[in-house]
Amino acid sequence: MYQYPHTIENKFGEKLVFVNRIKEPEGDKLITEGFVKPNAGPPIHVHWKQEESLTVISGKMGTLVPGQEPVYYGPGETATFMRGTWHKFWNAGEDELHIKGWVKPANNIEYFLEGVYKALDEGEHDRPEIKRIAFLSMHYRSEFTTAGIPSFVRKVIIPATYYIGKLTGAHKKFSDAPAPLK
């Protein structure tokens, strides 16, 4: 589906390069490289079916697992998040953060993250474009979940937008979406 390397960026200061996808017996391993502007980084999220590991090349990375104190990493240090672990990371320094890492098994993370970055760029202010994020959130809910979404939006707006999109044919633009994992 993708040719490597494949780069995605969003307007919030995150650039992610999908460097390569390596076949492994327990599932493909996606090699990544990231560049994050100061104070930028993804919100608290969870990968239900993948592990993620990030090694700092340059800069300072902060990580947070809810219920624990933040942990900070410098060049050569690695943070690994096991599947099912809620977490976030961000650039905790004043210079661009450069990280390398992997996600395994890769499953649908490339399609999901590319869609999330598009939704962020298409949205207004700090909110993602609702139709795209509703599709991604509902379609891949067995694989990925993001925290910090207001309860009414998470429980009512996103599902309603998703099902209305299904009924009206608005999801045809996602016809290339890989099937979600069960």
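Just the residues that are touching a strand residue (DSSP E or B) at 6+ places or on another chain (Cβ under 9 Å) and of a type in the set (S, T, N, Q), please, taken from the range 56-89.
Within the range 56-89, SER58, THR63, THR78, THR80, THR85 meet the criteria.
Mind listing whichever residues of the range 130-148 are buried (at least 16 other Cβ atoms within 10 Å of the Cβ) and either assigned to a loop (DSSP other than H, G, I, E, B) or of a type outside the set (Val, Ile, Thr) (or both)?
LYS131, ARG132, ALA134, PHE135, LEU136, SER137, MET138, HIS139, TYR140, GLU143, PHE144
For the range 75-133, how many residues meet the condition of being assigned by TED's automatic domain parsing to the domain that holds TRP48, of a type in the set (Lys, Arg) and either within 30 Å of LYS166 (Cα to Cα) or free of Cβ contacts under 8 Å to residues at least 60 places away in the same chain (or both)?
2
Within the range 126-182, count every residue that is touching a Leu at 6+ places or on another chain (Cβ under 9 Å) and of a type in the set (A, V, I, L, M, F, W, C).
4
Within the range 98-111, take every residue that is touching a Phe, Trp or Tyr at 6+ places or on another chain (Cβ under 7 Å) and not in a helix (DSSP H, G or I) and give me the one that is modelled with the lowest pLDDT.
This residue is ASN108.
Run PRO42 past the list (1) buried (at least 16 other Cβ atoms within 10 Å of the Cβ); (2) assigned to a strand (DSSP E or B) and report the number of the one that doesn't hold.
(2)
The values are calculated or read from the model by the stated rules, or taken from the named source; none is laboratory data. Since the structure is predicted, the reported quantities are computational estimates derived from the model, not experimental observations. Positions of Cβ are generated from backbone atoms using ideal geometry, with glycine treated the same way; all protein chains shown enter the neighbour counts.
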